[in-house]
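A.B. asks: Got a structure for you, questions after.
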Amino acid sequence: MFIYLSKKIAIPNGVHLRCASWNATEGWIACGGDEGMLKVLKLESATVKGGQQGGNLSMNQTLEGHKGSVVVADWNPRHDKLTTSDQNGLIIVWMLHKGMWFEEMINNRNKSVVRDMRWSKDGEKICIAYEDGHVIVGGAGGKRLWGKDLPLTLSLCEWSPDGRFVLFGTASGQVLLYDSSGHPIAETRVVANEGVGASPLVAIDWHPGAPQVVDDRGGAAPTLAVCFASGNVQLMRGARDDAPLVLRTGLRASHARWNAAGTHLAVAGVHVSSDGRDVNAVHFYTPLGSLACSLRVPGAKINAMCWEASGTRVALAVDSFVYFANIAPDYKWGYFGNTLVYAPEPITSETEERGASALERSSRVVFWDSTRLDATRVKDVKRLIMIRAAGERCVLVAHGDTPGTYALTLCDAIGSPVASKTTEVEPRAAAMTSTHVVVASHSVVFLWRYRGGGGTDDETRTFHVDSDARDGSFGDASSYGASNDPVTAVAASEKTLLVARKSGAMTKFGLPGFASEGRLATKCRARVLALNCKGTKIAAIDASGTLSVFDVPPKSSENAAAKPVPVKATFQKKDAWDVRWSDDDEHALAAMEKTKMVVYRGAEPEQPVVSSAHICAFRDLTVRAVALDEIMRAGSADSFKPRREHVFDRDTFALRDARRMLAEAADASEAFRFAERGGGHPRLWRLLAEHALERHDLTLADKAFVRCSDYHGIQFVKRLKRLESETARRGEIAAYFAKFDDAEKIFLDADRADLAVELRKNVGDWFSVEKLVQNVPNAGDDDTLHAAWRHIGDYFADRRRWDQAAAFYLKTRDPSRIEKLAECFYALEDFEALRGLIEEVPDGNREVLRSLARKFVGVGLCAPAVSAYVRAGDVKAAVDACVSLSRWDRAVALAEQHDFRQIEGLLSKYAAHLLDTKRHVDAVDLFTKAGKHLESANVLRSLAEEAAARKNQAVRAKKLYVLAALEAAAHRRATARGAKTLSSERVDPGTATKVSALDGLTALDDSGHTYFREEQSTGKTKNAPPGERTFDAWRAAEAFHFWVLAQRQLYENRFEYARRTASVCTRFEDFLNPADIYSLLAIASYYSRHYGTCSRAFAKLESLPVNENENGASAYADLATEIFTRHAPRDPGGRPNSDAELAEPFSSSFPGGGGSAKNVCVASGRRIGAADAARTCATCERRSIEGELRGRETCPL
């Protein structure tokens, strides 16, 4: 960062200024002073090339209305209003009308003086603080919101960024926090006054914060500045920060203000010079308290200070003058190739930025190809520190994810990461070459030779600046403490690394060996450091802006000794803030001095150019600069869409003079002699060669190309000499200068359409080739046209305009068009068109077919993938595709069709893996898709048994048993179909008998649905095969169905239904816990007043074995005694049960005890009588009474 005074405006009649305020949106400057003087100034908004703002006044209006000295002025930028107050307490609100300022409102309390007044950040409220403690808060329309008398002597006020709080400063140095309604909250702890006595407040400024600035722990940076006349400044993260930072500026402070972005705090005041004189100065600090730079200001006292919204200028009211100081900020940017990479200043007023934590805040880094208008890419980088660029790469230096670490990310021209490193060296200075990245803290240097930068692998070295490294070897950097002579800057060229220290000492290292080549002693504390292209000269800029150039002594053994070699500056210049050496001339450098760009050759300067742009490149006698002030301005429209005029080239005097001389030269010899006198720079010879080509002087062009070592130019001249046609020669020269349209016209006028087509081919303009072939006779054949269509398709495909690319690929007959069409259709998700390409692939082109198949597999389309693989003759890949897409049925069929025996083993291994990893549901899905229904049923049965054992998953157990039964039925149907197929073939009698028997055993209804059909008149059902009679999944599902049904009926207070259904459950003691069954039956019977059934259930519970009875027989006996002493064990309408009745099993009421309950309604648990109309399920063959179905069409089971 560098600051310098750029303009001074005198106030008429020598009136002393008392206040100043700069409008943030329109740039108006209000200046108030003695004798009621109030002016509104505005500097012209026009900018000159390079971004330097004009300095002439476009507005200079005197506002009349105050009689006493104007002491306070504040803008409301949202409503374009100016509020001022004088020493008599008169407050005037000014408004703009037709380009002139007029009074809008006036207020005079006539009791006290206004000490301060501030508009809230949103411009909706104003706080006015009087000296006697009276406070008024009003709205933008003039309405008074509230007023209050505080028992304080007020001197300052300030709104919080969100407008919810107000800070008041008192004459005694107190800082008090109130809410926006005037209620006191707390007194802010003031530590800056401790040890210096009570010092009056001079400024309070509260900024929303700079999201890109974080402290060493990753926390948010301070946003509130409280400045005292003693020069101490208290920096806080809020009004109630218990650990503030304290700056001891050494000034007798008078003012302090944040810039608009919150990245710098300016503190103005007076300090005592070494000779005892009072000197005005402004110190600029970062939010973390580091001194960035200082500015000395002439005059007796700085009475007011304000920032421009862009943060690049400061206005200072000194005596009867307004001084303007320009600021060259330390932007985060770099330039390599044709790419500008930069991080614009964020807009800190956004709510999401304020709400984000410091660790989440990120900088948006823009990569812009300056040769193309729309070629910008944005990359988010968390907690960015700096950017450096060189060669074909840039490096983004940022805080790491772990506190105390820092990330170096190497990126290409579009922002894609290429490589990265993490280091614990805090980046205070950095440099980059095409092979190395250098990062330095105050004491340690980290060197990274990245891959592709001169080595096959990444190499890193870390060394302490106080260590000895004559042979390129270093000790452990951690063994050294903090250096007493810290690093201030580093610079690097392809073969040299230079490290500058605070004392002025500089250490030179050789690259890539990294051995020390000597130490230099200078009197310059370098802030900016640069090496020329050969490492023979050093340019350094110190904190005061003095540019010094040093000659590097030649390498010798003495230079590597510990004693530094004193060197003196060959020349010096003041007020410099940027410098860059030429990439191809060791004696030329370009420097920025205030608002001028100056090119030096040796110590001789050229004519300066007015500009404040930043130098990004210097080669071929041309300086390229970028107007970063315009691009980087927070909230600017150009921040993410820079314009081409933001980057401009400035030719050196030698190049400009050469062009002039060539234009005026009478003959070739004079031009040749001028190029020799110009120092023999390759750019001058190339300019002479181009000039000779334009004049068709091939001999001179050949000599000039030889002098600038341009091999391609030499070959071009030779080719021109071989051309016999003058027309062809003129066309080639026009094409050499990229005047392709002119060259084409020359060829066409000479009836050489073939040369025009060849020209367009060579430059890759296939659109023009297509146009020429179609419209100009004899311009080309069909092969040329098809090649043009193919290249045009490639053009659209490279830009991902797939529909247009496919249209041109369809026109061409190029053999590779199928593969390219496949890419287009795949990107367009036109899978039908992609499927149609399978048959168009020529026989034998298996790779294309495999590529098509892989695309289909990627989107889950099995059938076309199989077709492509089979046509390619790769059956194994087709089977693998089916397996990867879980189409095991198709995989099995495909394996059987092509005799692929490995599928069964693969299926078994995969199923075993699923079962071992407890992925039973996936295993069921696998078996089902592969047609292994019996295995699927077994897995479902095991899952159902696990659910049944948990007792609280009865519904899940029922569903799993139903699924197992359905899978078993599917297995029987598949077996039956196989048996029928076998019986239709010629088999031996024994096999036929087995098949007939199996067919009879597995004859089932093949409908496969759970919809009802009318009950057959016979009412009979077919039996299951004997091998499956040991476990009936339907019966298990039936058990849990009735169990759940009985409990649901019980909770619905349908006690009689619950008793009947619980009685049905007694048939399923092989699936349900008997204790649970008879407990449920006892409860249902008790509530349905069937005390006889209840008594029989208790008797059954008491007779259960111990391992089946959790509560014990005594507990049941006690409960039974309590119940049946009050109720006789008798069912309704009956007599008391005898001992024989009590012993009668419940299953006696239902025929076929121990079997299923097929004569019981599965919808209600009722017994189906002869008179009941019932339906039978076509799948499970269970029956339901139609009246109990209540309109449902599916089986309740």
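A.B. asks: Find the helices (runs of 4 or more DSSP H) located wholly in the stretch 841-930 whose residues include 3 or more that are at pLDDT below 75, and list them.
C.D. replies: Once the helices (runs of 4 or more DSSP H) in the stretch 841-930 are filtered for at least 3 residues that are at pLDDT below 75, what remains is 888-897, 902-916.
A.B. asks: Inside the stretch 229-255, can you point out the residues that are assigned to a strand (DSSP E or B) and either surrounded by 23 or more Cβ atoms within 10 Å (Cβ to Cβ) or aliphatic (A, V, I, L, M) (or both)?
C.D. replies: Residues satisfying the conditions are Asn232, Val233, Gln234, Leu235, Met236, Leu245, Val246, Leu247, Ala253.
A.B. asks: Return the pair list, or none, for Cβ contacts closer than 7 Å from residues in the stretch 208-227 that are under 23 Å from Ser155 (Cα atoms) and assigned by TED's automatic domain parsing to the domain that holds Asp162 to residues that are modelled with pLDDT under 65 and not in a strand (DSSP E or B), at least 6 apart or on different chains.
C.D. replies: Pro208/Thr348; Pro208/Ser349; Pro208/Arg354
A.B. asks: Here is a list: Lys739, Lys771. Which entry is surrounded by fewer than 20 Cβ atoms within 10 Å (Cβ to Cβ) and under 29 Å from Thr812 (Cβ atoms)?
C.D. replies: Lys771
A.B. asks: Against the condition over 42 Å from the mean Cα position of the chain (by Cα), modelled with pLDDT of 90 or more and crowded, with 18+ Cβ neighbours inside 10 Å, how does Ser199 come out, does it pass?
C.D. replies: No, not satisfied.
A.B. asks: What are the residues in the stretch 885-899 that are over 14 Å from Asp925 (Cβ atoms) and of a type in the set (S, T, N, Q), if any?
C.D. replies: Gln897
A.B. asks: Is at least one residue of the stretch 36-54 under 22 Å from Ala129 (Cβ atoms) and either of a type in the set (Val, Ile, Thr) or modelled with pLDDT of 85 or more (or both)?
C.D. replies: yes
A.B. asks: Further, regarding this structure: Could you list, in sequence order, all residues of the stretch 825-844 that are exposed (fewer than 15 other Cβ atoms within 10 Å of the Cβ), over 38 Å from the mean Cα position of the chain (by Cα) and either within 21 Å of Ala805 (Cβ to Cβ) or among the aromatic types (Phe, Trp, Tyr) (or both)?
C.D. replies: Of everything in the stretch 825-844, those that are exposed (fewer than 15 other Cβ atoms within 10 Å of the Cβ), over 38 Å from the mean Cα position of the chain (by Cα) and either within 21 Å of Ala805 (Cβ to Cβ) or among the aromatic types (Phe, Trp, Tyr) (or both) turn out to be Gly836, Glu840.
A.B. asks: A further question follows. Filtering the stretch 20-44 down to residues that are acidic (Asp, Glu) and closer than 15 Å to Leu57 by Cβ, which residue is nearest to the chain's Cα centre (by Cα)?
C.D. replies: Per the stated criteria, the residue is Glu26.
A.B. asks: Surrounded by fewer than 21 Cβ atoms within 10 Å (Cβ to Cβ) and modelled with pLDDT of 90 or more: does that describe Met386?
C.D. replies: Criteria met by Met386.
A.B. asks: Now a separate question. Looking at the stretch 215-222, is at least one residue in a strand (DSSP E or B) and either buried (at least 22 other Cβ atoms within 10 Å of the Cβ) or at pLDDT 90 or above (or both)?
C.D. replies: no
A.B. asks: Restricting attention to the stretch 412-419, does a residue exist that is at pLDDT 90 or above and over 21 Å from Leu340 (Cα atoms)?
C.D. replies: No, the conditions are met nowhere in the stretch 412-419.
A.B. asks: Something else now. Is it true that Val579 is among the β-branched types (Val, Ile, Thr) and either under 25 Å from Ser516 (Cα atoms) or buried (at least 16 other Cβ atoms within 10 Å of the Cβ) (or both)?
C.D. replies: Spelling it out, Val579 is indeed among the β-branched types (Val, Ile, Thr) and either under 25 Å from Ser516 (Cα atoms) or buried (at least 16 other Cβ atoms within 10 Å of the Cβ) (or both).
A.B. asks: May I ask you to list pairs of residues, at least six apart or on different chains, whose Cβ atoms are under 8 Å apart, with the first in the stretch 956-969 being assigned by TED's automatic domain parsing to the domain that holds Thr928 and touching a residue at least 60 places away in the same chain (Cβ under 8 Å) and the second being part of a helix (DSSP H, G or I) and of a type in the set (D, E, K, R)?
C.D. replies: Ala957/Glu945; Tyr961/Arg941; Ala964/Arg941; Ala968/Glu1028
A.B. asks: Please count how many residues of the stretch 298-318 are surrounded by fewer than 20 Cβ atoms within 10 Å (Cβ to Cβ) and either in a strand (DSSP E or B) or of a type in the set (D, E, K, R) (or both).
C.D. replies: Within the stretch 298-318, residues that are surrounded by fewer than 20 Cβ atoms within 10 Å (Cβ to Cβ) and either in a strand (DSSP E or B) or of a type in the set (D, E, K, R) (or both) number 1.
A.B. asks: For the stretch 439-452, indicate whether the set of residues that are surrounded by 20 or more Cβ atoms within 10 Å (Cβ to Cβ), outside any strand (DSSP E or B), within 27 Å of the chain's Cα centre (by Cα) and touching a residue at least 24 places away in the same chain (Cβ under 8 Å) is non-empty.
C.D. replies: yes
A.B. asks: Would a scan of the stretch 557-577 turn up a residue that is under 40 Å from the mean Cα position of the chain (by Cα), closer than 25 Å to Ala390 by Cβ and not in a loop (DSSP other than H, G, I, E, B)?
C.D. replies: Yes, the stretch 557-577 has at least one match.
A.B. asks: Please enumerate the residues belonging to the stretch 702-725 that are closer than 16 Å to Ala692 by Cβ and either of a type in the set (Lys, Arg) or touching a strand residue (DSSP E or B) at 6+ places or on another chain (Cβ under 7 Å) (or both).
C.D. replies: Lys703, Arg707, Lys718, Arg719, Lys721
A.B. asks: Can you tell which of Gly793, Gly764 is out of contact with any Lys or Arg (no Cβ under 6 Å at 6 or more places or on another chain) and on the phi > 0 side of the Ramachandran plot?
C.D. replies: Exactly one residue qualifies, and that residue is Gly764.
A.B. asks: Looking for whichever is modelled with pLDDT under 90, more than 26 Å from Val773 (Cβ to Cβ) and surrounded by 15 or more Cβ atoms within 10 Å (Cβ to Cβ) here; the options are Leu755, Leu700, Leu759, Leu748. Which one fits?
C.D. replies: Among Leu755, Leu700, Leu759, Leu748, only Leu700 is modelled with pLDDT under 90, more than 26 Å from Val773 (Cβ to Cβ) and surrounded by 15 or more Cβ atoms within 10 Å (Cβ to Cβ).
A.B. asks: Kindly evaluate Gly173 against the criterion of being surrounded by 13 or more Cβ atoms within 10 Å (Cβ to Cβ), in contact with a Leu (Cβ under 8 Å, 6 or more places away or on another chain), in a loop (DSSP other than H, G, I, E, B) and at positive phi.
C.D. replies: Considered against the rule, which asks whether it is surrounded by 13 or more Cβ atoms within 10 Å (Cβ to Cβ), in contact with a Leu (Cβ under 8 Å, 6 or more places away or on another chain), in a loop (DSSP other than H, G, I, E, B) and at positive phi, Gly173 comes out as yes.
A.B. asks: Right, something else. What is the residue count in the stretch 265-294 for residues that are modelled with pLDDT of 90 or more and either assigned to a loop (DSSP other than H, G, I, E, B) or in contact with a Leu (Cβ under 8 Å, 6 or more places away or on another chain) (or both)?
C.D. replies: Going through the stretch 265-294 one residue at a time, the tally reaches 10.
The values are calculated or read from the model by the stated rules, or taken from the named source; none is laboratory data. Quick caveat, the model's predicted, so the values are computed rather than measured. Don't worry about glycine lacking a Cβ; one is built from the backbone with ideal geometry, like all the others, and counts go over all protein chains shown.
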